[in-house]
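Reading through the structure tokens given below for one structure.
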Amino acid sequence: MGKKWMGTGAFLMAVAIVLGALGAHALEKQISANLLESYKTGVLYHLFHALALIVIGILNRIENNTKYSLSGWLFAVGIFCFSGSIYALSTREISGLDVSFLGPVTPLGGLLFIAGWIVLGIKALRNQ
């Protein structure tokens, strides 16, 4: 499972960098400064948690088990909920899509991130 988390994290890092470049170059003049800041927050959290997935993969390989995988799942789903909803909400004016239903998904993604870090800390401290 370690290789899968490392690969998933690397892929999600690449996606985050592409989306960050899109925000910096294409969206800068298309959306308000406030929405662009929200978009950048989505990219930042996306990057951090994609990197965390790579770390999860490394930890699983070092310890030759999958005890950190729950954190990986929480981080991965958190990226889609938190960052994904921010991307959609920030660009809804130019996409023309009514994605207002995604508003509550953003804090859910944040809770998944928090849960992932708590689970990671507990698993790291336990002697299993």
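Checking (1) 12.2; (2) 9.1; (3) 7.6 against the coordinates, the calculated mean projected area of the Cα convex hull in nm² falls under label (3). Shown for 86, 94: other C-beta atoms within 10 Å of each C-beta, ranked fewest to most, produce the order 94, 86. Would you look at the GNM of the chain, springs on alpha carbons closer than 10 Å, and say which of 40, 67, 29 moves the most? Sorting by GNM fluctuation, first place goes to 29. Could you work out how far helix 33-62 tilts from the main Cα principal axis of the chain, as a 0 to 90 degree angle to the nearest 10? Orientation of helix 33-62: about 20 degrees from the principal axis.
When +1 charges are put on Lys and Arg Cβ atoms and -1 charges on Asp and Glu Cβ atoms, the dipole computed for the range 2-125 relative to its Cα centre reaches about 440 debye.
With a cut-off of 8 Å between alpha carbons and a minimum separation of six or more residues, what is the relative contact order of the range 2-125 in percent?
29 percent
Coordinate-derived values only; no laboratory data. Because the structure is a prediction, the values reported are computed rather than measured. Heads up, the Cβs are rebuilt from the backbone with ideal geometry, glycines too, and the neighbour counts pull from every protein chain shown.
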